[in-house]
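The structure appears right after this line, and notes come after that.
Please treat every number below as a calculation from the coordinates, not as lab data. Everything numeric here is computed off the predicted structure, so don't read it as measured data. Reconstructed Cβ throughout: ideal geometry from the backbone, glycine too, with neighbour counts over all protein chains shown.
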Amino acid sequence: MARPQITLKLATSLDGKIALSNGMSEWITGEKSRAAGRRLRARHDAIAVGANTAVIDNPQLTTRIDGEPDPIRIIFDTHLRLSPESELAKTAHKTPVWVFCKNDEGEKAQALKELSIRLFPVPYAGQLDIVAALDFMFRQGVSTLLVEGGGTLAASFVKARAIDRIDWFRAPLILGGDGRDCIGELGLKDLTQSRNFTRVNITELGDDLHEEYETIS
Ligand SMILES: NC(=O)c1ccc[n+]([C@@H]2O[C@H](COP(=O)([O-])OP(=O)(O)OC[C@H]3O[C@@H](n4cnc5c(N)ncnc54)[C@H](OP(=O)(O)O)[C@@H]3O)[C@@H](O)[C@H]2O)c1
């Protein structure tokens, strides 16, 4: 099946955590990393996040760079948990918001549609079918996608072998085992099943490191 080129962006502590157990994640990485992250957004047609990130962080997912277009903002949100009061919903009339979901009917669906949010039902088998969503995006003209997490959505992309490169911003702090992982469970039983990458660049960004990886096919 055809799909966009996919970049996974991770902004983590040294021990690979993206948030505390209570969901708090602002700000793990420094300003230079965050600026690089916004430039990364500007190089992609669309950005995807999971429903937990959309609900907990209430992000805008824009570039905030003068003269740079904002990508389409895509949420994987099975049960339409996105609030009509959220930053994404409030700005959907000027910067597109697409929601992949199980069902696009009912009161909540109507409220989101009235805010110009586009709802796209995709097959569901325990979770939304990533491959079907990617095929749909590609056919709609999305040729580059930036996946910004959280860990549960990132794991689904890794499992689907749908990551072409990783931009990993790593800050010099430790959040511990009760923090939220940047990649959720993969259920691997043997090291030969691991997903492997090759590092193609490292840059210092203030106190942080920006590591770039490409998939080994
Ligand atoms: N440091 C950073 O840069 C950064 C970046 C992003 C997020 N975060 C943090 O990460 C935390 C959220 O991460 P998270 O792992 O809990 O959740 P997440 O990945 O943001 O969202 C997961 C949810 O997305 C929905 N979903 C729909 N289809 C899915 C699919 N095919 N695969 C996976 N998920 C799918 C599911 O909820 P439904 O069943 O309800 O649809 C699932 O529970 C927040 O605390 C946020 O602050 C940090």
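Taking 0.36 nm per residue of separation and subtracting the Cα-Cα distance, full extension of the segment from E105 to S143 would add 10.9 nm.
Please report the spacing between the Cα centers of region 195-213 and region 24-81 in Å, no decimals. If you average the Cα positions of each part, the centres end up 20 Å apart.
This model, with +1 at the C-beta of Lys and Arg and -1 at the C-beta of Asp and Glu, gives region 5-215 a dipole about its Cα centre of some 300 debye.
Please identify every one of the trypsin sites (Lys or Arg not before Pro) in region 117-171 that sits in a loop by DSSP and has no more than 14 other beta carbons within 10 Å of its own beta carbon.
On the way: sites: R118, R139, K159, R161, R165, R170; in loops: R161.
Here the trypsin sites (Lys or Arg not before Pro) that fit, given the DSSP loop and packing criteria, are R161.
Can you tell me, using C-alpha contacts under 8 Å and at least 6 residues apart, the relative contact order of the chain as a whole percent? Working shown, then result.
On the way: 439 pairs, mean separation 68.4, N = 217.
After rounding, I find 32 percent.
Counting only residues at least eight positions apart within a chain, or on another chain, the lysines with an alpha carbon under 18 Å from that of K102 are K113. Quick one: go through region 4-27 and flag any residue whose amide nitrogen is under 11 Å from the point 7 Å out along the Cα-to-Cβ line of I56. Those under the cut-off are 18-26. Sparse packing (at most 14 other Cβ atoms within 10 Å of the Cβ) combined with a DSSP loop state is found for the following trypsin sites (Lys or Arg not before Pro) in region 1-96: R43, R64, K94. Per-residue ellipticity at 222 nm, computed for the chain from helices alone with -39500 (n - 2.57) per DSSP H run of at least four residues, works out to -6500 deg cm²/dmol. Whole-Hz Karplus values for region 25-39 come out as 9, 9, 10, 7, 8, x, 4, 5, 5, 5, 5, 5, x, 5, 5 Hz, taken residue by residue from phi with 6.51 cos²θ - 1.76 cosθ + 1.60 and θ = phi - 60°; glycine and proline positions read x. Ordering S33, T7, G23 by Cα displacement along the dipole of region 5-215 toward the positive end leaves T7 in first place; charges were set at the Cβ atoms of Lys, Arg (+1) and Asp, Glu (-1). Looking at the chain, the DSSP beta bridges with both ends there are about 40 percent antiparallel. Computed over all pairs of different Cα atoms, the Kirkwood value for the hydrodynamic radius of the chain is 17.7 Å.
Sum up the charges of everything whose Cβ sits under 15 Å from the Cβ of H93, counting Lys and Arg as +1 and Asp and Glu as -1, but leave H93 out.
Once positives and negatives cancel, what remains is +1.
List every residue whose amide H lies under 5 Å from the amide H of F197, counting only residues 5 or more places away in sequence or on a different chain, with H placed 1.01 Å from N in the peptide plane. Amide H neighbours of F197: I216.
For region 134-217, GluC sites (Glu not before Pro) are listed when DSSP marks them as loop and at most 10 other Cβ atoms sit within 10 Å of their Cβ; the list is E185.
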